[in-house]
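Visitor: Just dropping this structure here.
The values are calculated or read from the model by the stated rules, or taken from the named source; none is laboratory data. For clarity, every value in this text was computed on a predicted model and none was experimentally measured. Positions of Cβ are generated from backbone atoms using ideal geometry, with glycine treated the same way; all protein chains shown enter the neighbour counts. Note: areas computed on protein heavy atoms with side chains; ligands, DNA, RNA excluded. Shrake-Rupley method; radii C 1.70, N 1.55, O 1.52, S 1.80 Å.
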Amino acid sequence: MSGDHSHNDSQIDSGSRVNDSHKHKDKYKDKEHKHKDHKKDREREKSKYGNSDHKEFSEKKHREKERIKHEDVSTDRHKDKHKEKDHRKEEIKPKKEKENGFASPHRVKTEPDNDHFYHSPKSLKRQRDNDETEFKPKKIKLENDRVDKKGKKRKQDEDIKPKKTQKNKKGEVADGKKKAKKEPEEKWKWWEEERATDGSKWRFLEHKGPVMAAPYEPLPSKVRFFYDGKQMKLAPQAEEVATFFAKMLDHEYTTKDAFRKNFFKDWRKEMTSEEKSKITDLKKCNFNEMGEYFKAQSEARKAMTKDDKLKIKVENERLLQEYGFCIMDNHKERIANFRIEPPGLFRGRGDHPKMGMLKRRIRPEDIIINCSKDSKHPKPPPGTKWKELRHDNKVTWLVSWTESIQGSIKYIMLNPSSRIKGEKDWQKYETARNLKKCVDRLRNQYREDWKSKEMRIRQRAVALYFIDKLALRAGNEKEEGESADTVGCCSLRVEHINLYPEKDGQEFVVEFDFLGKDSIRYYNKVPVEKRVRTFFYTSILNKHLQELMDGLTAKVFRTYNASITLQQQLKELTSPDENLPAKILSYNRANRAVAILCNHQRAPPKTFEKSMQNLQTKIDAKKDQLSDAKRDVKICGYKKAVERLEEQLMKLEVQATDREENKQIALGTSKLNYLDPRISVAWCKKWGIPIEKIYNKTQREKFAWAIDMAEDDYEF
DNA sequence: TACGACACTTAGGACCCAACCA
DNA sequence: TGGTTGGGTCCTAAGTGTCGTA
C-alpha cells in the first residue's frame, strides 16, 4: 500500500485499508472478485416475484424499538480542494440540527418485527403461459381499458395457478369490445394482473421505431467562418461540427482546455485534407458569426406568432402520437424517449476527460430494432437499413444503438407509467421492505464482523456500515481516464477521508470529502462507533449481501433508508391540528430529510436571491395590511378580513421557509426513485391531503399502482 | 473465476411554457 | 401586455447490478 495515508496513521489499524490508488485495486481482485452463481440467480429471479403483500398486514403495526441518531457535527467550511460545484455542497451538507430535530444525515432505524409479519410472497406471483406461441393482440387496450373489478386487492392465493392468458382472464378480447367503450376513464390496472415468471418481459411488442435526428441544414452563405482573420468556407461535414461549437460559445465548457482539445481533435477528423492543412490552431478560429446566427434563430423562435407556435406544437403532438407509443401485450404504452439523440459535442459532467468530443450522428445502420416477430416492423427511412431487427422478449428495450464516446449502448424504453417499469419499481420497494425485516440482524452481524481476524471481513463490514449509515452508493470500479474521477463507498481512496480520534467534542469522527455520482461533492463528518476507525473494503459486497437476504444489494440500503426515513419523519413532523399548507411544509421537510441523506443537490436557481427578496417584500406588505386590518377591526368589526389576511400571511411565510430550505436541495430525485410512494399516498389519505399536492400529473401516472393500492394505514 | 458486454436505474441541468404580476 | 418565475418535461450522462463466456 503506497498511498499517502501517513496523516492518518495514528488512527489506522495495521490491517486497515482505504483504496489508496487505482493501481492497487487489482491486488484485491483475486480474492474479492464478483461471483456468479447462476443457479442461485435463477432461483432468486423466481422468488423475487413474490414478495409480501402489504395489504395483508396493514392492520399490524411496527413498533419502533430503537432509534439511533447519528448527529452530524460537521459545520466547518472546508478546504477548497474541489472547486465549482463544491461550493454549493459546502453550504448544504453540514447542516446543523434543525428545529425539527433533524440533522444531516439523519438516521431513524427500527428493529424488525417478528418474521411472521411478512407473509410468503405468493401474492405478487403472477404467471403467463410459457407455451403460448402465438400471442397476437386481437384488440388493443388503450389506457382507458376496462378492468374487471375483483375487489380492491388480489387475494393472497388467488394467483397460484397460472392464468391461461390475459384475454381469457378478462374475457375481453373475445367479447369485451363494448365493455371497453363503456368506461373510458378507467385506467388499466396492471398491478391486479399476473406477472410472467419465465423471465420474459413481454409477449407481443409493436412500435414505429425511433424518430431520427433532423438532418444537417447548411448555414446560409451570409454566415461566415474566419480562420486567422480570413473568411473560409467549410465543407458541410466540418461546418456541422463547427456549428456545435458555435452554439456553445457562451458556455463555460468552451473555455476548458480538455473540451477545446478534444473538440479540435475530433473536428479535424471531419475536415477535408485542405481544411485540415489550413486549420491547425483552434485559437485562430472565429465562430462568432455562427454563434450570433444561432442566437438570432432562437430569438426568432421565441418571437414567433402564436399561430406558428401552435403549428409546431401540433406537429410535435403528431410525432408523439405516431412514434411515442407502442403496443405491448395488448396495451398501448407510452415510450419514454422515442427520439434518437442528435449529434453534438459531448458534455460530460465534472472533470470529464472526454468533454468536447464529437458525438456522432446515429444512422439507421447503427440502430437495432427490437419487436415481436409477428408485429408490424418499423420501417427504416427510405434507402436505408436498420443494423439489425431483433425479437428478444427477455429485454425491455425497443431500440438500441452504440454511442461514439464511451462505446456504451443507448436504449429507447418505456415510460415510467408503463406496466413494465411500474412492476419493477413496485418490486424494488418490496425488496426494501424485506430488508426492513432483517436489517437488525444485518446490523448486528456487521458490528460482529468488525472484530473479525480477517481484514477482508472487517473491511466489508465497515463498508456496509457506511452504506447503511450514510446511504453511500456502492462505488463500482471504473476504468481510469474514461470518466471523471468519482467514487462511492467501495472505491474511496485515502485522500477522501480523514480520521479523528476526537473532533469538535466528539470521539471517533470520520470526515468524508469526495466527488460522487455526477461529480457532486459529498462532504460529511460523522462520529462513528469506536471500532469503525479504520478499514474499508474495496470490492463487491453484493455477493455477501445476497447471502444475507434474497435480492439484497448495496443499493437496496439507499431505498430502504430513504423510505423508512420518510415514514418516520412524516410521523414526527405532522401535527393533526396544522392546516393544509403547514402539513405540506411538513411533507416537504420529510422529503428534504431524505434528499439530504441521499445527497441530492441542485445548483441554486440563478434568480434565487431576487425571488426571495420579492417574496419578503410581499410578506412585509401583507404584514402592514394585517396590522391595518387589526386596527380597523376594533372600529368596524371586520373579523373575517383579518382572518383572511392572517391566513394569506401564513401561506407566504410557509412558502418562504420552504423555498429557503430548498435552495440547494433537489427533492425530485428521492421522490421519484427512493421513496415508496405508498408511504406518501397513505399520508395523504390519513390527513385528507389531495394527492395532487404531493404528486404532479406525471408522478401520479408513474405511481398509479401505489395510489390505487395503499390505504391510510400502510406501513412501509 | 474474471471480465466485458449488456440492461436498466438514478441523476442534474437545460429548456419550455403557463401562471402570475406590475 | 410584456416580463418574470417556477414547475414540469426533456435530455442524456453516470451510476448499479447481472449475465454470458472463455
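Visitor: For the range A:451-479, what are the residues that are open to solvent by 10 Å² or more (accessible area, probe 1.4 Å) and either of a type in the set (V, I, T) or away from DNA strand C (no atom under 16 Å from the Cβ) (or both)?
Guide: A:K451, A:S452, A:K453, A:E454, A:M455, A:R456, A:I457, A:R458
Visitor: Keeping to the range A:703-716, report how many residues are open to solvent by less than 30 Å² (accessible area, probe 1.4 Å) and either part of a loop (DSSP other than H, G, I, E, B) or within 16 Å of DNA strand B (Cβ to nearest atom) (or both).
Guide: Residues meeting the conditions: 7.
Visitor: Being touching a Pro at 6+ places or on another chain (Cβ under 9 Å), in contact (Cβ under 8 Å) with a residue 24 or more places away in the chain and of a type outside the set (D, E) narrows it down to one residue among A:P343, A:P381, A:P353; which is it? Explain how you work it out, then say what you get.
Guide: On the way: A:P343 fails: touching a Pro at 6+ places or on another chain (Cβ under 9 Å); A:P353 fails: touching a Pro at 6+ places or on another chain (Cβ under 9 Å).
Just a single option satisfies the conditions, and that option is A:P381.
Visitor: Within the range A:462-482, how many residues turn out to be farther than 21 Å from A:C598 by Cβ and at pLDDT 90 or above? First the steps, then the outcome.
Guide: Looking only at the range A:462-482, we keep the residues that are farther than 21 Å from A:C598 by Cβ, and these are A:477, A:479-482.
Still in the list and also at pLDDT 90 or above: A:482.
Here the count works out to 1.
Visitor: Let me ask you something else. For the range A:236-267, how many residues meet the condition of being charged (D, E, K, R), within 13 Å of A:P218 (Cβ to Cβ) and touching a residue at least 24 places away in the same chain (Cβ under 8 Å)?
Guide: 1
Visitor: Test A:I679 against the criterion of being surrounded by 15 or more Cβ atoms within 10 Å (Cβ to Cβ), part of a helix (DSSP H, G or I), β-branched (V, I, T) and over 17 Å from the mean Cα position of the chain (by Cα), and give yes or no.
Guide: Yes: the conditions hold for A:I679.
Visitor: Taking the stated definitions as given, is A:R441 open to solvent by 10 Å² or more (accessible area, probe 1.4 Å) and either within 12 Å of DNA strand C (Cβ to nearest atom) or touching a residue at least 12 places away in the same chain (Cβ under 8 Å) (or both)? Step through it out loud before you land on a result.
Guide: Values: open to solvent by 10 Å² or more (accessible area, probe 1.4 Å): yes; either within 12 Å of DNA strand C (Cβ to nearest atom) or touching a residue at least 12 places away in the same chain (Cβ under 8 Å) (or both): yes.
So A:R441 fits the description; yes.
Visitor: Could you please tell me which pairs satisfy a Cβ distance under 7 Å, a separation of 6+ or placement on different chains, a first residue in the range A:278-307 that is in contact (Cβ under 8 Å) with a residue 40 or more places away in the chain and aromatic (F, W, Y), and a second residue that is open to solvent by 60 Å² or more (accessible area, probe 1.4 Å) and within 16 Å of DNA strand C (Cβ to nearest atom)?
Guide: From residues that are in contact (Cβ under 8 Å) with a residue 40 or more places away in the chain and aromatic (F, W, Y), the pairs are A:F294/A:K247.
Visitor: To continue, here is another question. What helices (runs of 4 or more DSSP H), lying completely within the range A:222-330, carry at least 3 residues that are at positive phi?
Guide: Numbers: elements: A:236-246, A:257-269, A:273-278, A:288-302, A:306-323.
Correct list: empty, since no element meets the threshold.
Visitor: Here is a further query. So, restricting to helices (runs of 4 or more DSSP H) that lie completely within the range A:536-630, which ones have at least 3 residues that are among the aliphatic types (A, V, I, L, M) and under 18 Å from the mean Cα position of the chain (by Cα)?
Guide: On the way: elements: A:542-548, A:554-573, A:580-597.
In the range A:536-630, the matching helices (runs of 4 or more DSSP H) lie at A:554-573, A:580-597.
Visitor: Here is a further query. Name, by its number, the condition in (1) within 21 Å of A:R334 (Cα to Cα); (2) surrounded by 17 or more Cβ atoms within 10 Å (Cβ to Cβ); (3) more than 12 Å from DNA strand C (Cβ to nearest atom) that does not hold for A:E430.
Guide: That leaves (1) as the condition not met.
Visitor: Only one of A:K686, A:K671 is part of a helix (DSSP H, G or I) and crowded, with 20+ Cβ neighbours inside 10 Å. Can you tell me which? Show your work before the answer.
Guide: Details: A:K686 fails: crowded, with 20+ Cβ neighbours inside 10 Å.
Only one candidate qualifies: A:K671.
Visitor: Would you say A:P353 is touching a Gly at 6+ places or on another chain (Cβ under 8 Å), more than 15 Å from DNA strand B (Cβ to nearest atom) and farther than 26 Å from A:A603 by Cβ? Working first, answer last.
Guide: Numbers: touching a Gly at 6+ places or on another chain (Cβ under 8 Å): yes; more than 15 Å from DNA strand B (Cβ to nearest atom): yes; farther than 26 Å from A:A603 by Cβ: no.
No.
Visitor: Of everything in the range A:393-417, what is away from DNA strand C (no atom under 11 Å from the Cβ), on the phi < 0 side of the Ramachandran plot and part of a loop (DSSP other than H, G, I, E, B)? Give them in sequence order.
Guide: The answer is A:N393, A:T396, A:W397, A:L398.
Visitor: Restricting the search to the range A:552-579, which residues are within 16 Å of DNA strand C (Cβ to nearest atom) and out of contact with any helix residue (DSSP H, G or I) (no Cβ under 7 Å at 6 or more places or on another chain)?
Guide: Initially, the range A:552-579 is screened for residues within 16 Å of DNA strand C (Cβ to nearest atom), giving A:552-563.
Listed by number, the residues that qualify are A:K555, A:R558.
Visitor: Quick check on the range A:483-510: of everything there that is of a type in the set (D, E) and away from DNA strand C (no atom under 16 Å from the Cβ), which residue is nearest to A:D351 (Cα to Cα)?
Guide: Going through the range A:483-510, the residues of a type in the set (D, E) turn out to be A:485, A:495, A:502, A:504, A:507.
Filter once more, so that each one left must be away from DNA strand C (no atom under 16 Å from the Cβ): A:495, A:502, A:504, A:507.
Values: A:E495: 17, A:E502: 34, A:D504: 33, A:E507: 35 Å.
Filtering first and then ranking leaves A:E495.
Visitor: Name every residue in the range A:321-347 that is over 21 Å from A:S400 (Cβ atoms) and either among the basic types (K, R) or near DNA strand C (Cβ under 7 Å from one of its atoms) (or both), in order of residue number. Outline the logic, then answer.
Guide: The initial filter retains those residues of the range A:321-347 that are over 21 Å from A:S400 (Cβ atoms), namely A:321, A:330-332, A:345, A:347.
Selection gives A:K332, A:R347.
Visitor: Considering only residues that are more than 13 Å from DNA strand B (Cβ to nearest atom), within 34 Å of the chain's Cα centre (by Cα) and charged (D, E, K, R), which ones fall in the range A:264-323?
Guide: A:K265, A:D266, A:R318, A:E322
Visitor: Show the residue pairs meeting these rules: Cβ distance below 8 Å; 6+ apart or different chains; first residue within the range A:693-705 and without any contact (Cβ under 8 Å) to a residue 12 or more places away in the chain; second residue of a type in the set (D, E, K, R).
Guide: Filtered contacts from the range A:693-705: A:R700/A:E692.
Visitor: Working only within the range A:426-437, note down all residues that are touching an Asp or Glu at 6+ places or on another chain (Cβ under 8 Å) and either farther than 14 Å from A:L552 by Cβ or not charged (D, E, K, R) (or both). Outline the logic, then answer.
Guide: So in the range A:426-437, the residues touching an Asp or Glu at 6+ places or on another chain (Cβ under 8 Å) come out as A:429, A:432-434, A:437.
A:Y429, A:A432, A:N434, listed by residue number.
Visitor: Okay, moving on. Name the single residue, out of those in the range A:403-422 being open to solvent by less than 40 Å² (accessible area, probe 1.4 Å) and over 18 Å from the mean Cα position of the chain (by Cα), that is farthest from A:D366 (Cα to Cα).
Guide: Among them, the one singled out is A:R419.
Visitor: Which ones in the range A:634-668 are within 16 Å of DNA strand C (Cβ to nearest atom), over 18 Å from A:T565 (Cβ atoms) and not in a helix (DSSP H, G or I)? Lay out the reasoning, then the answer.
Guide: Initially, the range A:634-668 is screened for residues within 16 Å of DNA strand C (Cβ to nearest atom), giving A:651-668.
With over 18 Å from A:T565 (Cβ atoms) added as a condition, the list becomes A:651-660, A:663-664.
If the condition is that a residue be within 16 Å of DNA strand C (Cβ to nearest atom), over 18 Å from A:T565 (Cβ atoms) and not in a helix (DSSP H, G or I), then A:K663, A:Q664 are the ones that fit.
Visitor: Being in contact (Cβ under 8 Å) with a residue 40 or more places away in the chain, away from DNA strand B (no atom under 15 Å from the Cβ) and either surrounded by fewer than 19 Cβ atoms within 10 Å (Cβ to Cβ) or within 25 Å of A:E482 (Cα to Cα) (or both) is the filter here, so list the residues in the range A:364-376 that pass it.
Guide: Of everything in the range A:364-376, those that are in contact (Cβ under 8 Å) with a residue 40 or more places away in the chain, away from DNA strand B (no atom under 15 Å from the Cβ) and either surrounded by fewer than 19 Cβ atoms within 10 Å (Cβ to Cβ) or within 25 Å of A:E482 (Cα to Cα) (or both) turn out to be A:D374, A:S375, A:K376.
Visitor: Also, I was wondering about something else. Looking only at the range A:481-506, count every residue that is of a type in the set (V, I, T) and in a loop (DSSP other than H, G, I, E, B) and tell me the total.
Guide: Taking the range A:481-506 as the starting set, the residues that turn out to be of a type in the set (V, I, T) are A:486-487, A:494, A:497.
From the residues that got through so far, the ones that are in a loop (DSSP other than H, G, I, E, B) too are A:486-487.
Qualifying residue count, the range A:481-506: 2.
Okay, residues lined up against (1) closer than 24 Å to A:S670 by Cα; (2) under 26 Å from the mean Cα position of the chain (by Cα):
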{"position": "A:V395", "(1), (2)": "no, yes"}
{"position": "A:W401", "(1), (2)": "no, yes"}
{"position": "A:K424", "(1), (2)": "yes, yes"}
{"position": "A:K436", "(1), (2)": "yes, yes"}
{"position": "A:D449", "(1), (2)": "no, no"}
{"position": "A:A484", "(1), (2)": "yes, yes"}
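Visitor: Search the range A:599-621 for residues that are assigned by TED's automatic domain parsing to the domain that holds A:G488 and pair each with any residue that is in a helix (DSSP H, G or I) and within 11 Å of DNA strand B (Cβ to nearest atom) when their beta-carbon atoms are under 6 Å apart and the residues are at least 6 apart or on different chains.
Guide: Close Cβ pairs satisfying both conditions: none exist.
Visitor: Only one of these is among the aliphatic types (A, V, I, L, M) and touching a Pro at 6+ places or on another chain (Cβ under 6 Å): A:V654, A:V681, A:V642. Name it. Break it down into steps so the answer makes sense when it comes.
Guide: Details: A:V681 fails: touching a Pro at 6+ places or on another chain (Cβ under 6 Å); A:V642 fails: touching a Pro at 6+ places or on another chain (Cβ under 6 Å).
After ruling out the rest, the residue left standing is A:V654.
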